[in-house]
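Only the coordinates and a few stated rules stand behind these numbers; no lab work does. Here the structure is a predicted model, which means the values were calculated and not measured. We place every Cβ from the backbone using ideal geometry, glycine too, and count neighbours over all the protein chains shown.
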Amino acid sequence: MTDKEYIQAFRRNEQSVITAFYTQNKERFITHIGRKFHILDRDTLFDVYQDSIWRLWRIIQQGKLTEEKLTSSLVAYLQEGIGENVMLETLRKQKESLANDEQLRLLEDELDDIDDVIAQEERIETIRQTISNMGKPCSPLLKLFYWEKLSWEVIANQLGYSNADTAKTQKYKCIQKLKALFR
Amino acid sequence: MKTIERTELIDRYLLGEATAEEKMQVERLLSDPELSLEDRDKFRKEMELQQEIILAIQKQGLKEMLQREEARIRAEKSDDEVTATLVAPRITPLYRRIIRATSSTAIAACFAYLVVITPQVSRLAHVSNDAQLYASVNTEMTDAYSQLKGCDDASNAILEANALMQSGDYKQADRVLTQALKQMQIVTPDNAQAWSEKEDMLYLRALCTIKQHRLYRSRHLLNEVVNMNSTHKDEAQQLLNQIKGRK
């Protein structure tokens, strides 16, 4: 598949293509970031990779990255444009545990610029964990609507609601609940 | 505007599904100077929060999808490792067993030739008019040859299948073994060597079918090996337990 086709698939949220892209580029990404930042911990690199895929998905969905705007290969963009920043954010969060002060000092300038990004991502992550712990009916209902993008008729049918309007009202209640928690 | 309507409007705007009129409505709620600064700020904050909630749900969706993919990769890897650990230790001993079995057959054949056949041929030389003895010698030679040939066919099939399995061609290895098993005549436990070869071939076929994810066939073959109650019984039972319930 070409980069253009991958971008289109990400935009359309074609899950089979996204997972194939994820699997194909995982080892290459982990090796690149591991070498560049001298990180050996595979779990950290793995988290950075999953987070980078999330950022790529989000950037494409929001229209910030299109076929026309892509100046390098999509994999290079994922590694250098996104992955290295995500790694820097991770280092920023873990800076107390960084043994090499000199390495941290060299990164400080870059790290200052990404504080805002970290703050927003941390907020999204907190909400994500809350949704994940909400369970039924909110968690599956919200996922089917906002992630799977299914119609209300299909959602009502899948989750056993009497009709689309009942399911829609329940979704509204879940959103209000979350808004009350994070307002 | 009711809260539920406002939430729906923000949803459509953020998901790119709003009409031109709805987009204008949102812009107005965000920046119309006729509205109080407090109201505009309240709407902006509500919209930002709703966007974060939507992003969090989508992040959860993507994360679950990637975790499922990771689980699939791990399961595939684990299947390979299970088969590799069970095949690897068997390949060498099996190989040795074949060489040992072939050597023993060769020794037995030589012994038969020296002790049984040669004296009889010698006797033949002296008793050239003994037609009955001629027939008897011929029968013994033919039997020995058939036995050796039969042994070679099975051993060759096992060797060939082993080589194919090591190169990853499980489909062809399975074909070779199936063919060899078809050519085998009815084997009973009394014929220890043939019994052992049949068991080896069934066991190898089971491994090949596991590698090809033909688990229904694998179960059938492994059950047959377990029922034969010989060398591979424990390993076959272990494999049966491991593939239990899998499709």
*With 10 Å bins from zero, work out the P(r) of region B:3-65 over every alpha carbon pair and list the percent per bin.*
21, 46, 24, 7, 1
*Cα point-scatterer Debye curve for region B:35-78, base-10 log of I(q)/I(0) at q = 0.22, 0.26 Å⁻¹*: -0.74, -0.83
*Where the centroid of each part is defined by its Cα atoms, how far is region B:175-192 from region B:25-81 in Å?*
63
*How would you rank A:S151, A:S162, A:S52, going from fewest to most other Cβ atoms within 10 Å of each one's own Cβ?*
A:S162, A:S151, A:S52
*Based on the Cβ-Cβ distance of B:T3 and A:R12, what FRET efficiency does E = 1/(1 + (r/R0)^6) give at R0 = 25 Å, to the nearest 0.05?*
0.20
*Please order B:S36, B:S230 by the number of other Cβ within 10 Å, starting at the fewest.*
B:S36, B:S230
*Between A:E27 and A:S162, what is the FRET efficiency for a Förster distance of 51 Å, r being their Cβ-Cβ separation, to the nearest 0.05?*
0.55
*Return the Cα extents of chain A along principal axes one, two and three, sorted largest first, each rounded to a whole Å.*
61, 40, 27
_Taking the number of other C-beta atoms within 10 Å as the exposure measure, put A:T19, B:T3 in order starting with the fewest._
B:T3, A:T19
*List, in the order given, every pair from A:K26/A:K171; A:K69/A:K171; A:K173/B:K45 whose Cα-Cα distance in the structure shown is over 28 Å.*
A:K26/A:K171; A:K69/A:K171
*Cα lying deepest toward the dipole's positive end in chain A, options A:L142, A:I60, A:L78, charges on Cβ*: A:L142
